[in-house]
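The structure appears below as structure tokens.
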Amino acid sequence: MSLEKIKQSLEQTLQNRPYILRIDPFRQQLDGLSPGVIANMDSAGTGPEGMFYVGRKAAYEISQYIEWLVGRMASHRKEVS
């Protein structure tokens, strides 16, 4: 499956969500990373852009999260090839 098709599928799946929480179990299923790893990536500047807080919970805009996730997939594909 091409990255563009994956991106479209993610956009369709997440279209009704304004944001996704860092601790959301569904987010963990999508990227396979624990909330702590994502928090460390945020601190290092390698996490999804546009992190904001909903109360005390870290969240990401869906569009920014999808761009970050697809970008990670692309970089992993290059490393494997």
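Readers should treat all values here as calculations from the given coordinates under stated rules, not as data from a laboratory. None of these values were measured; they are calculated from a predicted model. All Cβ positions, glycine included, derive from the backbone under ideal geometry; neighbour counts span all protein chains shown.
For the chain, modelled as a GNM whose springs connect Cα atoms under 10 angstrom apart, the maximal fluctuation among Ser34, Ser43, Ser63 occurs at Ser43.
Between Glu11 and Leu30, the simple spin-label model (points 7 angstrom out along Cα→Cβ) gives 1.4 nm. Rounded to the nearest 500, the 222 nm mean residue ellipticity of the chain from helices alone is -18000 deg cm²/dmol, with -39,500 (n - 2.57) taken per DSSP H run of at least 4 residues. When the trypsin sites (Lys or Arg not before Pro) in the chain are filtered for DSSP coil states and for at most 13 other beta-carbon atoms within 10 Å of their beta-carbon, the remaining sites are Arg56.
In terms of the Cα gyration tensor, with a ≥ b ≥ c the square roots of its eigenvalues, is region 3-80 rounded because a/c is under 1.5, prolate because a/b exceeds b/c, or oblate? Taking the square roots of the gyration eigenvalues as a ≥ b ≥ c, region 3-80 is oblate.
Only Cα pairs under 8 Å and at least 6 apart count here; give the relative contact order of region 3-80 as a rounded whole percent. Don't skip to the answer; put the middle values down first.
On the way: 66 pairs, mean separation 28.7, N = 78.
Relative contact order of region 3-80: 37 percent.
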